[in-house]
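The values are calculated or read from the model by the stated rules, or taken from the named source; none is laboratory data. No experiment lies behind these values; they were computed from the predicted model shown. Methodologically, a virtual Cβ is constructed for each residue, glycine included, from the backbone with ideal geometry; neighbour enumeration extends over all protein chains shown. Side chains are part of the model used for accessible areas, which takes the heavy atoms of the whole protein and leaves out ligands, DNA and RNA. Shrake-Rupley method; radii C 1.70, N 1.55, O 1.52, S 1.80 Å.
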Amino acid sequence: MRIYDIISKKRHGLSLSKEEIEFAVNGYVRGDIPDYQMSALLMAICINSMNEEETAILTKTMMNSGDVLDLSRFSNLTVDKHSTGGVGDKTTLIVAPIAASLGCKVAKMSGRGLGFTGGTVDKLEAISGYNTSLSVEDFFSQVEKIGIAVIGQTGNLAPADKKIYALRDVTATIDSVPLIASSIMSKKLAAGSSSIVLDVKCGSGAFMKDRAGAISLAEAMVKIGRSFGRRVRAVITNMDAPLGVCVGNSLEICEAVDVLKGRGDKKLTSLCLTLAANMVSLSFDIPYEEAYKKAVLSLESGKAFEKMLEWVSYQGGDVRPIKDTSLLPLAKHKVEVKSDFDGYVCRIDAEKIGLASMSLGAGRAKKDDKIDFGAGIVLKVGVSDKVSRGDVLAVAYASDKSLFDGAEKLIKEAFTFSDKKPEEKELILDTIS
Ligand code: URA
């Protein structure tokens, strides 16, 4: 078999066999196939796509390139959730304790962020003492005892995806439904949960800019999961504006606590209840409506918040800043960003807010950059709010005052105004099951 012939076959729009896909992926991971040939193959896939069978084979090959966790001891109650990424997305911090408080087993490996803001693991590290790198034995034992553990992804989970993703990132080959679907699902399947809820973002701050693209990505992932015998549901959600009001690590922990205490942003709360209800519905095989009622009750009764305290404490974290969020680290300088216009807010560009938050120190521009947990942005107005010139749009936090100039400009650019009150867009657009 020659990689040249495999590239040529895909370039002419033909389907690849199992042997050909395995030859390409495993050869690339071993270093036998150079970057330039793998890049050519990835580009041919971007242009001519892959059918369902090829996508499932690619997923399986990447999944089997590293560790595959066996969670069968938790008898089908394990549930994972994945979001295709977004600015201000702190949903894991909220849905994981809700689902665990209702009996699900949440054994979750989360990522660090690159760009925009930190990932879930970075946010959790804003809590002093929280251990994001438990051994596999301790991870399992914690899930067994309290139903929840969230750690960083081990280096050996789908290493083929890691290498291919890094290449895609620099060769303009991210943007392909079979490549994104197989990349995400190879890691989710290797992480071992029986049920998987996918939050597929759609809009300016997401990979998928329109609803049709988000639906095809969601359908591809649900089909892959099913072909591996997992229960999978995808919720398609709007990502035109940042999620919730806080962007930044400590700030997002604080907002997650607010939601768990029943005083959080309404849209964020509603999305979290939807995701948690889907997790509970899949795990216990009960109707969504019944699961939704349970999720609401868990939040209202304080059970979900109690579960968060138990989880953080079990994983070595200091619970004092969870009980009193004023104790979370917050950068010492702040600036109020004020409106230069009168009118209704008709758009808050998620990408620009993400970039602003990164420039304040809340995200990484390069892999090894250090995150400032206390940096970030709190939005003071939302889409469709009326503002006057001089009103505060957002408050920016940074440890170094010189970072405010660039960030303030980006925050102002993120806001678009109009004379007429815009129609509010729904946050939850579709469910694919
Ligand atoms: N996230 C992933 O893990 N992979 C992709 O290809 C895109 C987003």
With every protein chain in place, what's the accessible area of H82 (1.4 Å probe, Å², nearest 10)?
40 Å²
Under the helix-only model (-39500 (n - 2.57) for each DSSP H run of 4 or more, divided by the residues of the chain), the mean residue ellipticity at 222 nm, to 500 deg cm²/dmol, is -14500 deg cm²/dmol
Within the chain: Cβ-based charge dipole about Cα centre, in debye rounded to nearest 20 (Lys, Arg +1; Asp, Glu -1)
160 debye
For segment 244-346, run through the trypsin sites (Lys or Arg not before Pro) and keep only the ones in DSSP coil with at most 16 other Cβ atoms within 10 Å of their Cβ.
K261, R263, K332
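Taking a temperature of 25 °C and a viscosity of 0.890 mPa s, what whole-number D in µm²/s does Stokes-Einstein yield for segment 3-48 with Rh from Kirkwood over alpha carbon pairs?
On the way: Rh = 10.3 Å.
Answer, rounded: 238 µm²/s.
What whole-number value in Å² describes the accessible area per residue of the chain for a 1.4 Å probe? Present the calculation step by step, with values, prior to reporting the outcome.
On the way: 18160 Å² over 433 residues.
Averaged over the residues of the chain, the accessible area is 42 Å².
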Towards the positive end of the charge dipole of the chain, with charges on Cβ (+1 Lys, Arg; -1 Asp, Glu), say which of L16, I164, G129 has the farthest Cα.
G129
Rounded to the nearest 10 degrees, the helix 266-284 long axis (Cα) sits at an angle to the longest Cα principal axis of the chain of 40 degrees
What distance in nm separates the two pseudo spin-label positions at F417 and S313, each 7 Å out from Cα along the beta-carbon direction?
4.9 nm
Using only Cα atoms, find the angle between the long axis of helix 35-48 and the longest principal axis of the chain, and express it within 0 to 90 degrees, rounded to the nearest 10.
80 degrees
Using only Cα atoms, tell me the angle between helix 249-260 and the longest principal axis of the chain; keep it within 0 to 90° and round to the nearest 10.
80 degrees
Would you mind checking K366/K401; K338/K409; K338/K380; K108/K367; K201/K380 for any pair whose Cα atoms are more than 19 angstrom apart?
K366/K401; K108/K367; K201/K380
Along the dipole axis of the chain (charges at Cβ: +1 for Lys and Arg, -1 for Asp and Glu; origin at the Cα centre), the most positive-end residue among A220, S194, Y344 is S194
Modelling each spin label as a point 7 Å along the Cα-to-Cβ direction, I'd like the S326/E144 distance in nm, to one decimal.
4.2 nm
At 1.4 Å probe size, what's the solvent-accessible area of I286? Round to the nearest 10 Å².
40 Å²
Per-residue accessible area for R73 at 1.4 Å probe radius, Å² rounded to 10?
130 Å²
On average over all directions, what projected area in square nanometres does segment 44-178 have, based on the convex hull of its Cα atoms?
9.5 nm²
Test of understanding: in a Gaussian network model of the chain with alpha carbons linked when under 10 Å, which of A234, A100, A394 would top the mean-square fluctuation ranking?
A394
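Of all beta bridges DSSP finds with both residues in the chain, what is the antiparallel percent, to the nearest 5? Please report the intermediate quantities before stating the final value.
Values: 23 of 43 bridges.
Roughly 55 percent of the DSSP beta bridges within the chain come out antiparallel.
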Quick one: compute the contact order of the chain, relative version, from alpha carbon pairs under 8 angstrom and 6+ residues apart, as a percent.
20 percent
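For the chain, what is the convex hull (Cα atoms) projected area averaged across all directions, in square nanometres?
Values: hull surface 81.0 nm².
Computing the convex hull of the Cα atoms and averaging its projections yields 20.2 nm².
Rounded to the nearest 0.05, what FRET efficiency do S133 and I286 have when you use their Cβ-Cβ distance and R0 = 45 Å?
Values: r = 34 Å, r/R0 = 0.77.
The value I calculate is 0.85.
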Identify which of L167, L102, L251 has the largest mean-square fluctuation in a Gaussian network model of the chain, with springs joining Cα atoms closer than 10 Å.
L167
Mind jotting down the three principal axis lengths of segment 330-418 based on Cα atoms? Whole angstrom, largest first.
41, 23, 18
Find how much the distance from Y4 to D340 grows on full extension, using 0.36 nm per residue of separation minus their present alpha carbon separation; answer in nm with one decimal.
115.2 nm
Segment 330-418: relative contact order as a whole-number percent, Cα under 8 Å and 6+ apart
49 percent
For the chain, which whole-number percentage of the solvent-accessible area (1.4 Å probe, protein heavy atoms only) is attributable to carbon and sulfur atoms?
50 percent
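With N residues in segment 72-323, what two-decimal value do you get for its Cα radius of gyration over 2.2 N^0.38 Å?
Values: Rg = 16.8 Å, N = 252, 2.2 N^0.38 = 18.0 Å.
For segment 72-323, the normalised Cα radius of gyration comes out at 0.93.
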7 Å from Cα along Cα→Cβ at both S75 and A172: what's the point-to-point distance in nm?
5.4 nm
